[in-house]
Number of protein chains: 2
Amino acid sequence: MATTTSPALTGNPLELERQVCFALSVASRTVLSVYRPLLEPMGLTHPQYLVMLALWQHAPMPVKDVGALLQLDSGTLSPLLKRLEAQGLVTRPRNPQDERALTVSLTPRGQALREQAERIPEQVVARLGMEVAELEDLHRALTRVIEAAVAGR
Amino acid sequence: MATTTSPALTGNPLELERQVCFALSVASRTVLSVYRPLLEPMGLTHPQYLVMLALWQHAPMPVKDVGALLQLDSGTLSPLLKRLEAQGLVTRPRNPQDERALTVSLTPRGQALREQAERIPEQVVARLGMEVAELEDLHRALTRVIEAAVAGR
DNA sequence: CCTCATTACATCGTGTACGATTAAGTTGTG
DNA sequence: CACAACTTAATCGTACACGATGTAATGAGG
């Protein structure tokens, strides 16, 4: 019979099922796949949805701040914001006080989209069928590992 | 003074800092950024590392099984496996018993790489500076949400 | 006033993700 | 045996991620 001691101290340290990074990748992709059918009617991808969340809270804001908030660089954000602009959800004129910076603002259409988005969180929780308390625990655990990873990279 | 009731029941339900999906995305990308400098000397990206973990455990195995294990489809796996093949880490001849299927096997070089990989997990834990027990808790929470998401998508 | 380092974005190249389609092989059924 | 239904990969198009590089604007020091 195989050993059944604490998994941290025994067996293959490279076992796929034990890797937190594997669970993180799969969890991220799988949870996003729950959002996809809900976001599709709004014409948003999940990263675009996160940017819109940031804007609904803080617009108008510079691209730099969006990047800091979402931990994304301009290589990702520039084309993403262009696509939101092409959809008529945001504008991004240059800041007259600093011609390097773009000020990302919501169009009326972008503002209006918020109402449809209001229902997303509850729908996701319903589809997951998990307790809100358990999701809050997960959120706290993720926040901890994000802090640890930012400090350790 | 602002209200400070339970966050689940008050305030803006679209608040970015409250979204589990946001924490998941950032955690996934941030933790992977801890792996990147460790994997780079091995010539592997993180998804390639996960495939190698699967192969070190189960090779030879069909592409189908790799996909099932990692929750990836052929659109992702085909080019990824081609790159591993180009690096001389794997072979993927057709299965004579079923000419549709490819049997992914490790080359001696692919097998040998495992020794370098053995040190990755401990190095990551060290860089994160988190208790193994806390990481195991996180792993359990992630496994729960993966199951919920798979069921609910 | 004039460099020069810094900052804010944009662009490019590589590598995933993923839906959709295609192509080839296999299998069940009449 | 014929053939439709199914399975396995590959391919294509779109959209992130991210490192590296380019460019214009800003600001600090001489």
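Points worth noting:
- Once both labels are positioned 7 Å from their Cα atoms along Cα-to-Cβ, the gap between residue B:123 and residue B:68 label points is 3.3 nm.
- P(r) tail for segment B:43-116: Cα pairs beyond 17 Å make up 35% of the total.
- Overall, the anisotropy analysis places segment A:71-149 in the oblate class: the square-rooted eigenvalues a ≥ b ≥ c of its C-alpha gyration tensor yield a/c not less than 1.5, with a/b not exceeding b/c.
- Sorted from shortest to longest, the distances between the residue B:47 label points of this copy and the other copies are 1.3 nm, with each point 7 Å from Cα along the line through the beta carbon.
- Taking Cα atoms only, the orientation of helix A:108-117 departs from the longest principal axis of chain A by about 30 degrees.
- Value in Å of the Kirkwood radius, where segment B:40-80 supplies the Cα pairs that are averaged: 10.5 Å
- Tensor-based shape of segment A:104-151 (alpha-carbon gyration tensor, a/c under 1.5 rounded, otherwise prolate or oblate): oblate
- Reciprocal of mean inverse Cα separation for the protein assembly as shown (Kirkwood radius, Å): 21.4 Å
- Among residues of chain B, the one whose beta-carbon sits closest to the B-to-A rotation axis is listed with its distance in Å as B:28, 2.
- Free of any GluC sites (Glu not before Pro) that DSSP assigns to a loop and that have at most 14 other C-beta atoms within 10 Å, the longest stretch within chain A is A:16-117.
- Most fluctuating residue given options B:138, B:89, B:14, as computed from a GNM of chain B linking Cα atoms under 10 Å: B:14
- Only Lys, Arg (+1) and Asp, Glu (-1) charged, at Cβ; segment B:43-116 dipole about Cα centre in debye: 140 debye
- Fluctuation leader among B:91, B:103, B:76 - chain B, Gaussian network, Cα springs under 10 angstrom: B:76
- Highest-MSF residue in chain B out of B:55, B:142, B:80 [GNM, Cα springs under 10 Å]: B:142
- Cα centre as origin, Lys/Arg/Asp/Glu Cβ charges: the protein assembly as shown dipole, Debye: 940 debye
- Under the combined filter of DSSP loop state and at most 13 neighbouring Cβ atoms within 10 Å, segment B:28-134 retains these trypsin sites (Lys or Arg not before Pro): B:119.
- For chain B, the gyration tensor built on C-alpha atoms gives a prolate shape. Its axis ratio a/c (a ≥ b ≥ c) is at least 1.5, and a/b is the larger of a/b and b/c.
- Potential lengthening of the chain between residue A:114 and residue A:76 amounts to 11.4 nm, from the contour at 0.36 nm per residue minus the alpha-carbon distance.
- Only lysines eight or more places from residue B:64 in sequence, or on another chain, were considered; those with a Cα closer than 22 Å are B:82.
- FRET efficiency, residue B:86 to residue A:132 (Cβ-Cβ, R0 45 Å, nearest 0.05): 0.45
- Computed from the C-beta positions of residue A:147 and residue B:42 and an R0 of 22 Å, the FRET efficiency is 0.25 to the nearest 0.05.
Computed from the coordinates by the stated procedures, all read-outs in this text should not be read as laboratory data. Not measured: the values here are computed from a predicted model. Neighbour counts are summed over all protein chains in view; Cβ atoms, including those assigned to glycine, are modelled from backbone coordinates with ideal geometry.
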